[in-house]
């Protein structure tokens, strides 16, 4: 059983405002304050402090939030399994490359069993990690970087990350230097996406910034990105699976951009989400 004050603590931890926390939980503001003070007495530490009128989290609050999320997740999963033991329901998040191009066959195979069901969300990496923190997902499949000290994780597969261009583009099949992008139109995903973060990091490590690119086009839909590259309106960077089956698109290599990247399962530490992963995806090695 979860202490009734823990959801109040986590809500305040996210909103950082006593009034809004009280409104969301349909409590009085003094009730919220009393619950937080009671937790502070129980754990023997301050969880929130004021600097003038600004509310701040203490390091102890950061630690409690990490443990509390795990406890909330495990309690939620236990209740689901006890109340509906005949149906196994798994909540999966996937970044757009993985959700749209990689895992469809595995999910369909899993759903061939009538005692299995899924909730699948396809969003960018930042949004998925936020959902994971809110116990809205059992695990997420992400591309790109994340805080490996904060989450449990394991490799799904290694995938080639490439530059994409029209087959008649001067970059086609070449090794391209970063400075050659300064007069190009580059089509990137939105901020927070894994593919954009990978490209930005590599480009910056070469000593360049996005504002040195001739034109940056931001699109959060891979089908539209592929359409634009097919029309020779710009180049882009993505996993090779995105360009598969499009005869007008070919690939190129960008100097300093690693060609192999990991897709990882990410989940909260000290949970049993790894057992749910095994229900759908067989273990593999990214080595």
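Every read-out reported here was derived from the displayed coordinates using simple, explicitly stated rules and does not represent laboratory data. Predicted model, so just to flag it, every value in this text is computed and none were measured. Here the Cβ is made from the backbone with ideal geometry for all residues, glycine too, and neighbour counts use every protein chain on show.
If each of residue 204 and residue 79 carries a label point 7 Å out from its Cα toward its Cβ, how far apart are those two points in nm?
4.0
Going by how many other beta carbons lie within 10 Å of each one, how would you line up 83, 202, fewest first?
Ordered from fewest to most neighbouring Cβ atoms within 10 Å, 83, 202 come out as 83, 202.
What nm value, rounded to one decimal, do you get for the distance between residue 14 and residue 66 when each label is placed 7 Å out toward the C-beta?
Here the answer is 2.0 nm between the modelled labels.
Take every Cα pair under 8 Å in segment 161-215 that's 6+ residues apart, average their separations, divide by the length, and report that relative contact order as a whole percent.
On the way: 34 pairs, mean separation 21.0, N = 55.
Taking the mean separation of contacting Cα pairs over the length of segment 161-215, I get 38 percent.
Suppose R0 equals 35 Å; then what is the FRET efficiency for residue 158 and residue 24 from their Cβ-Cβ distance, rounded to the nearest 0.05? Show your work: numbers first, answer last.
Numbers: r = 42 Å, r/R0 = 1.20.
Efficiency, from the Cβ-Cβ distance: 0.25.
What nm value, rounded to one decimal, do you get for the distance between residue 118 and residue 38 when each label is placed 7 Å out toward the C-beta?
4.2
Set the Förster distance to 51 Å, then compute FRET efficiency between residue 1 and residue 244 from the Cβ-Cβ distance, nearest 0.05.
Details: r = 50 Å, r/R0 = 0.97.
Given R0 = 51 Å and the Cβ-Cβ separation, E is 0.55.
Assuming R0 = 22 Å, what is the FRET efficiency of residue 258 and residue 220, from their Cβ-Cβ distance, to the nearest 0.05?
0.40
Averaging sequence separations of C-alpha pairs under 8 Å and six or more residues apart, then dividing by the length of segment 158-261, give the relative contact order as a whole percent.
Value for segment 158-261: 52 percent.
Among 23, 157, 119, which one shows the biggest mean-square fluctuation in a GNM of the chain, springs joining Cα atoms closer than 10 Å?
Result: 23 has the largest fluctuation of those listed.
Calculate, in nm to one decimal, what residue 233 and residue 109 gain on full extension: separation in residues at 0.36 nm each, minus their alpha carbon distance.
Length gained between residue 233 and residue 109: 40.9 nm.
Which of 230, 258 has the fewest other C-beta atoms within 10 Å, and how do the rest follow up to the most?
In order of increasing Cβ crowding within 10 Å: 258, 230.
Would you list 208, 156, 222 from fewest to most Cβ contacts within 10 Å?
Working: 208 17, 156 24, 222 21.
Ascending Cβ contact count within 10 Å gives the list 208, 222, 156.
Between segment 68-130 and segment 12-64, what's the alpha-carbon centroid distance in Å?
Centre-to-centre (Cα) distance: 31 Å.
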